[in-house]
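Participant: This structure is in structure tokens; I'll ask about it shortly.
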Amino acid sequence: GRLGVALRRRCRSEGVEPPVEAQVERVIGSALRRHETAFAKQIVGRLGSEVCAALQALLESEGALAEVKADPGPLGLDTLLSEIAKLTTVRALKLPQDVFADVSARLVAAWRSRAARMFPSDFAACDEPVRYTLLAALCWVRQAEITDELVGLLVDLVQKINARAEARAEKELLGDLVSVPGKKGIFVKMVTAALDHPDEVVRQVVCPAGRRPCASLSRS
């Protein structure tokens, strides 16, 4: 792979005999583990003991980590409240704002993706620095994702509420018209008047044509 090619190129530039094919994977694996360990220790140093303890508590709390990972449910108030609860859980960890400040987004995303596929037992099998770095990356990214999901949910809910309100108002208006004798003829007159005089005041043009419907609307 690319790492093998890079390793051989580096050996040639340093005037070092490159490892044989059977050794390449072991050398690359060892280098990756060292890099992972060093990176995790750096992140844990930024997290501090209290945040690491909070991450461990999240891991040990039954179902809490799965909820943080979960996608939002169907549009509705219950889903909105669930997402707010998730965001509250993640924010309660108090991850430092600069914990991944100088880390590439691609690297953070790789750690987040890895953590998203893991079960609590997988985290428990990791060394503590790696475990807490995985959890921190997952929660750091999820905090932004859940915030975006909440904004989307709120916009969709407002649109849904507005649509229902409009439908209710239309139903009430039609109900008023149904109760009026000769309603079809009156409705046709109202529409015709509005089309014939589009720039004039509604009360002066449409109401005289409709009479009873406009009177009922003025009382609502």
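Participant: DSSP loop trypsin sites (Lys or Arg not before Pro) in segment 31-132 with at most 15 other Cβ atoms within 10 Å of their Cβ, which ones?
Facilitator: Lys94, Arg117
Participant: A follow-up question, please. Loop only per DSSP, at most 16 neighbouring Cβ atoms within 10 Å: give me the GluC sites (Glu not before Pro) in segment 46-94, ordered by residue number. Intermediate values should be presented prior to the final figure.
Facilitator: Values: sites: Glu50, Glu60, Glu62, Glu67, Glu83; in loops: Glu62.
Listed in order of number, the matching sites are Glu62.
Participant: Another one. Ala85 versus Leu157, label points 7 Å from Cα toward the beta carbon: distance in nm?
Facilitator: Computed distance between label sites Ala85 and Leu157 equals 1.4 nm.
Readers should treat all values here as calculations from the given coordinates under stated rules, not as data from a laboratory. All of these numbers come straight from a predicted model, not from anything done at the bench. Glycine gets a Cβ as well: all are built from the backbone with ideal geometry, and neighbour counts include every protein chain shown.
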